[in-house]
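Q: Mind having a look at this structure? Questions to follow.
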Amino acid sequence: MLGLGPLNRRRNVTMDDSVRLASDLAQVARLATTGAEADLRLLLARLIRRYRSKFPDLSAELIAILETPRSAPTRTATRPTESRPPESGNESAGLAILRSWDPMEAVEDPVLSQPLRTQLQNLIAERSRAEELRARGLEPASSAIFVGPPGVGKTRAARWIANQLGMPLYSLDLTAVMSSRLGQSGANLRYALDFAKSTPSVLFLDEIDSIAKKRADPADVGELKRLVTIMLQELDEWPSSSLLLAATNHPELVDPALWRRFGAEVKFEMPSTDLVKVSIRRFLRDDLMQFENYVETLSKVLDGRSFSDIERSVESMRKALTLGAGTPGEIVAEFVAGGASAMTRAERISFAVELAERTSLSQHQIARMTAVSRDTIRKHSKISSLGEN
């Protein structure tokens, strides 16, 4: 039997405790028999916290059970699964808290600048070589915060890191954490954090600024300030067996005390011109050969865009090709024309000249794409070449 000891020998155990124990045992049995492993592990994590003071032996045994390595489950689909808080009379039944990804799922190597790749590889190396660090009195970083604009690969990098470490990835749905019921948001956050640290894993908190704003902000309600306090406590106690990754587009909003708790800061930036070309080729996938002659042209239009914007645009062109909307050249021409229409006349002329000088497109094609006449392209190209001499 789990470490309860005879209940009648524990004078501080009330009838309510016995009723709650029976109820919790029934819930454990229900989840175990239905195969809801994620929900079961989340419930056990809550029970560890609940019974830590009155039943320390039970809590210790439950911790040992959760920390026991488990074989990777067989998945029939690659869609993320959801973990939910256990049902009871006082919780929001069925509220989605965590999304999870199987560590055995293949994750594509992300497009990264070399400095960023080196920084992430160092973070992975710290985890995989933790014993070497500890032998020298050092600890691997148990947390890191990703900083950068939307669409630059923060979530994809978190998936890649978890895959490289062979750990499951849990992503916290912060919209699910926030509850209209006073006091429930803190409980929701603790459910997710308890579950994520109950077994070696990577927890990803996107848009951390939404729940970890500066406590000095007079516009924030007490509930948000309590969430910051919870995060401060959790980061201080986060186990070295797991890795907590947070991401924000607005670092200026994050509470300074929380910021200092993260073991590393990783900056993500908009892709350089070279990375734009690399990402276009990556996202073209099986259609690369058909669009290869237009990669340079597309890179001119997509320069300054995020990876997610580039992927969306490239996928749109691949769909058009698949559906027979035109030849690759016609599809690219339409896409370029759409981008050029948002430019000023001076920008369109500069863009047309650059296409004429740097791509294999004819002036006739460029004129049709940019709505800049061939005479204007020739005139400005001549001026440009004279200026270089």
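Nothing in this text is a laboratory measurement; each read-out follows from the coordinates by a stated rule. This structure is a prediction, so every number in the text was calculated from the model and none was measured. We place every Cβ from the backbone using ideal geometry, glycine too, and count neighbours over all the protein chains shown.
Q: So, R0 is 30 Å and r is the distance between the beta-carbons of S241 and S113; what FRET efficiency does that work out to, to 0.05?
A: 0.50
Q: Suppose every K and R has +1 on its Cβ and every D and E has -1 on its Cβ; what is the size of the dipole of the stretch 273-388 about the Cα centre, in Debye to the nearest 20?
A: Dipole size: approximately 240 debye.
Q: Now for a different question. What is the distance in Å between the Cα centres of the stretch 303-373 and the stretch 248-276?
A: 32 Å
Q: Right, next: To make sure I understand, if each residue's beta carbon is the centre and we count other beta carbons within 10 Å, what order do E347, E105 fall in, fewest to most?
A: With the sparsest Cβ surroundings first, the list reads E347, E105.
Q: Right, something else. Between E252 and K267, how many nm apart are label points set 7 Å from Cα along the C-beta direction?
A: 1.6 nm
Q: How would V353, V147 line up from fewest to most surrounding beta-carbon atoms within 10 angstrom?
A: Taking fewest neighbouring Cβ atoms as first place, the list is V147, V353.
Q: I've got another one for you. With Cβ to Cβ distances under 13 Å as the rule, what net charge do the other residues near P110 carry (K, R +1; D, E -1)?
A: It works out to a net charge of +2.
Q: When ranked by the protection proxy of mean other Cβ atoms within 10 Å per residue, highest first, what sequence do the peptides 241-251, 365-375 form? Please report the intermediate quantities before stating the final value.
A: Details: 241-251: 21.0, 365-375: 18.2.
Ranked from most to least packed, the peptides come out as 241-251, 365-375.
Q: Test of understanding: ordering R312, R318 by Cβ neighbours within 10 Å, fewest first, what list do you get?
A: So the residues, fewest neighbours to most, are R312, R318.
Q: Take the cross-link list K300/K379; K267/K319; K225/K267; K277/K319; K54/K197; K154/K225 and give me the ones stretching past 24 Å between alpha-carbons.
A: As for pairs spanning more than 24 Å Cα to Cα, those are K267/K319; K225/K267; K154/K225.
Q: Taking 0.36 nm per residue of sequence separation and subtracting the Cα-Cα distance, how much length would be gained by fully extending the chain between E334 and I65, in nm to one decimal?
A: Extra length from E334 to I65 when fully extended: 90.9 nm.
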